[in-house]
Amino acid sequence: MNKQLADLKDILLMGPGPSTVPPSVYEALSAPTIGHLDPSFIAIMDTVKSQLKQVLNTQNRLTLPMSGTGSAGMETCFVNLVEPGDRVLILTNGVFGVRMQDVASRCGAEVESLDFDWGTPVDPDAVKAKLSANSYKVVALVHAETSTGVMNPASEIGAIVRESGSLFVLDTVTSLGGIPVLMDEWGVDALYSGTQKCLSCPPGLAPVSFSDNALKTLDQRSSKVASWYLDLGMIRKYWEGTKRVYHHTAPINMIYGLFEALSLVLEEGMETVFKRHMHAHQLLVDGLKSLGLDLLVEKTFRLPMLNAVKIPDGIDEATIRSRLLNEYRIEIGAGLGPLAGKIWRVGLMGYTAQPGFVDRFLDALGKVL
Ligand SMILES: *Cc1c(COP(=O)(O)O)cnc(C)c1O
């Protein structure tokens, strides 16, 4: 192998994603590339769709991985559901809510934002008040805000949105594979995720699922979907039915990788996977405490897979991060926006959520501090 690539061994990815990839996923990625209409490949696509339904806890027929990263999943939801002039409400308490506002406005929506302090959760009572006085075609929420480490109450918000008659769009890029995601039970109409967070597959695919309600909205559009590449009406003809129709060449090997990553999660069992994340999180919190470090987010709303660690006064945070990477081959993340310089983001996503990796990080952090 080319030396620049061969030198990349043993880096522990403990940032906000991508997470460390397990060996069997790398093996799956290097399986032989075959044709995108080969019956053997179509059988793999069908398995991946049914695996996705299992991890999302949904019966939705339209459940598939879009070509592109998590942001392509975000764009898929808005570009298919929103037409120019539609009213959209984004519940915002971090970077990814802000990104949703940008994406929805590029689809021509009239976008409103209901804002909450970064580091605190979206408040269901405020959402209820907003929806009783206004009506929207779409209300969108980020389940796990990776920029702050906050878990938003998706189930409660889902019930409120359903009552209002709006479509509920949920970002599960960081939550899927780390904490429960109950798409049907929560009344989610359109959901997107990504592969490189708690599924521990390299970046490149965005699982998406649409409810019957969302599909009806798509079927009743008066204008064409503004993106040819992300048009689910066309893409589903390649992913569903007995006669598959070419749309774009599927990223074959990425789908092998996702197939293996989902198999690992389902073989381990979802409950066991969630417990493993909680256990690693607890070990991390305890270890940080003995180093004199604390977390930004109040305990009840903390994400196990994304820990926002407050940076002590007088510490040059960028130096600590670059020493961790250069001397210990461990990557952690910086704070974003108003939290830049105030927090480190320590990820325990998917394969990275293991006691041995937590110990390796705590040991290295103790030394560099
Ligand atoms: C990472 C992330 C995204 C964007 O995904 P990309 O793969 O970077 O495009 C969107 N939402 C959340 C909550 C994320 O953590």
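All of the numbers you see were taken from the coordinates with simple rules; none came from a lab. Given the structure is predicted, the values throughout are model-derived calculations rather than measurements. Note: ideal-geometry Cβ built from the backbone for every residue, glycine included; neighbour counts use all protein chains shown.
Structure summary
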item	result
Shape category assigned to the range 192-286 from the gyration tensor of Cα positions, a/c cut at 1.5	prolate
Selection from Ile34, Asn307, Val98, by position along the positive dipole direction of the chain (Cβ)	Ile34
Length released on extending from Asp117 to Glu27, taking residue separation times 0.36 nm less the Cα-Cα span	28.1 nm
The range 8-120 shape via C-alpha gyration tensor axes, a/c threshold 1.5	oblate
Scattering profile of the range 60-99 at q = 0.18, 0.19 Å⁻¹ [log10 I(q)/I(0), Debye over alpha-carbon scatterers]	-0.66, -0.72
Packing-based order for 269-276, 207-214, using average beta carbon neighbours within 10 Å, highest first	207-214, 269-276
Cβ-based exposure ranking for Cys77, Cys107, Cys198, in which fewest neighbours within 10 Å come first	Cys107, Cys77, Cys198
Stretch gain in nm, segment Ser263-Tyr229, where the contour uses 0.36 nm per residue and the Cα spacing is subtracted	9.5 nm
For the chain, share of DSSP beta bridges that run antiparallel, in % to the nearest 5	50 percent
Hull-based mean projected area of the range 77-138, where the convex hull spans the alpha carbons, in square nanometres	4.0 nm²
Under 18 Å from Lys237, Cα to Cα: aspartates and glutamates that are on another chain or at least 8 residues apart	Asp38, Asp46, Asp212, Asp219
Projected label distance in nm at Asp363 and Glu185, using a 7 Å step from Cα toward the beta-carbon	3.9 nm
Most positive-pole-ward Cα, Pro22, Leu56, Gly356, against dipole of the chain from beta carbon charges	Pro22
Gain on full stretching of the segment that runs from Ile34 to Ser322 - 0.36 nm per residue minus C-alpha separation	99.6 nm
Under the span-like rule (Cα at least 24 Å along the axis, Kyte-Doolittle mean at least -0.5), DSSP H helices of the chain	39-56, 252-268, 270-290
Sparse-neighbour loop sites [trypsin sites (Lys or Arg not before Pro); the range 176-227; at most 16 other C-beta within 10 Å; DSSP]	Arg221, Lys224
The range 92-251 - Rg over Rh from alpha carbon coordinates, Kirkwood radius	0.96
Square roots of 5 times each gyration tensor eigenvalue, C-alpha, the range 214-369, largest first, Å	41, 20, 16
Order by protection proxy (mean Cβ within 10 Å, highest first), peptides 55-62, 1-8	55-62, 1-8
Along each principal axis, Cα extent of the chain, largest first, Å	60, 55, 34
Gyration tensor verdict on the range 142-218 (Cα atoms; rounded if a/c is under 1.5, prolate if a/b is larger than b/c, oblate otherwise)	oblate
Mean Cβ count within 10 Å, highest first, over the residues of peptides 306-313, 31-38	306-313, 31-38
24 Å Cα-Cα threshold exceeded, pairs from Lys128/Lys275; Lys275/Lys367; Lys9/Lys289; Lys49/Lys243; Lys53/Lys216	Lys128/Lys275; Lys275/Lys367; Lys9/Lys289
